[in-house]
Amino acid sequence: MPQSRINTSLSVVGGESDILPSYVQVLRKWRVALCTTHGSCYTRQNLARHLFEKHRTPSDQRRRIESNTQMHNVAATNSDAVQPPDGTEEIHGLPTVLKYLCHFEQCDFRTTSTDRIRQHYNRQHQWQVSRQGAMPWHQAHVQTLFSQSQAQRYFAVVLADQVH
Ligand SMILES: [Zn+2]
Ligand SMILES: [Zn+2]
């Protein structure tokens, strides 16, 4: 992430000790805290480290954020967060990317590369274009709550401007 995008505004001051910084939003439904500056969600286990490493938040402020009443709605770890299902309305503050999705039920393979989805159909589903015809993969806009590569889990979203 470019350093210039780091939001250093401090909205946690003095008597407003139960107010979260403007760039931290608690998404109760998915039990995560979203950092809109970095486009990723965090849990109680890793939010403080993120604030320290990327926002240079001083320790007394980090402690106040961690004990904020809204943080009670945030999961302790990534695995305790709620994974949004496909078809969720786009979450503001998370990046949206276009991906190819395998059409087989029970298969959650998703990729941004047409070569990789072709390979996937060949290898995982023994799909031969010459025999079965065109590969019927889906294309969808997706998001992931967590940007860290080992925690990425993509779900298809309905773009905000397409919600009626
Ligand atoms: Zn951040
Ligand atoms: Zn598949």
Unmet requirement for Tyr100, which otherwise passes all of (1) touching a helix residue (DSSP H, G or I) at 6+ places or on another chain (Cβ under 8 Å); (2) in a helix (DSSP H, G or I) = (2)
What number of residues within the range 91-149 satisfy the criterion of being of a type in the set (Ser, Thr, Tyr), under 13 Å from the mean Cα position of the chain (by Cα) and either within 16 Å of ligand 1 (Cβ to nearest atom) or farther than 26 Å from Ala33 by Cβ (or both)?
-> 2
Going through (1) closer than 24 Å to Ile19 by Cα; (2) touching a strand residue (DSSP E or B) at 6+ places or on another chain (Cβ under 7 Å) one by one, Gln45 fails only at (2)
Can you name the residue in the range 40-77 that is assigned to a helix (DSSP H, G or I) and away from ligand 1 (no atom under 16 Å from the Cβ) and is also nearest to Val24 (Cα to Cα) among such residues?
-> Gln70
State all residues of the range 79-96 that are surrounded by 13 or more Cβ atoms within 10 Å (Cβ to Cβ) and either aromatic (Phe, Trp, Tyr) or modelled with pLDDT under 95 (or both); if no residue qualifies, say none.
-> Asp86
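Could you tell me whether Arg31 is modelled with pLDDT of 50 or more, on the phi > 0 side of the Ramachandran plot and crowded, with 17+ Cβ neighbours inside 10 Å?
Criteria met by Arg31.
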Taking Gly93 as meeting all but one of (1) touching a helix residue (DSSP H, G or I) at 6+ places or on another chain (Cβ under 8 Å); (2) part of a loop (DSSP other than H, G, I, E, B), write down the number of the exception.
-> (1)
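The values are calculated or read from the model by the stated rules, or taken from the named source; none is laboratory data. Given the structure is predicted, the values throughout are model-derived calculations rather than measurements. Cβ: placed from backbone, ideal geometry, glycine included. Neighbour counts: every protein chain shown.
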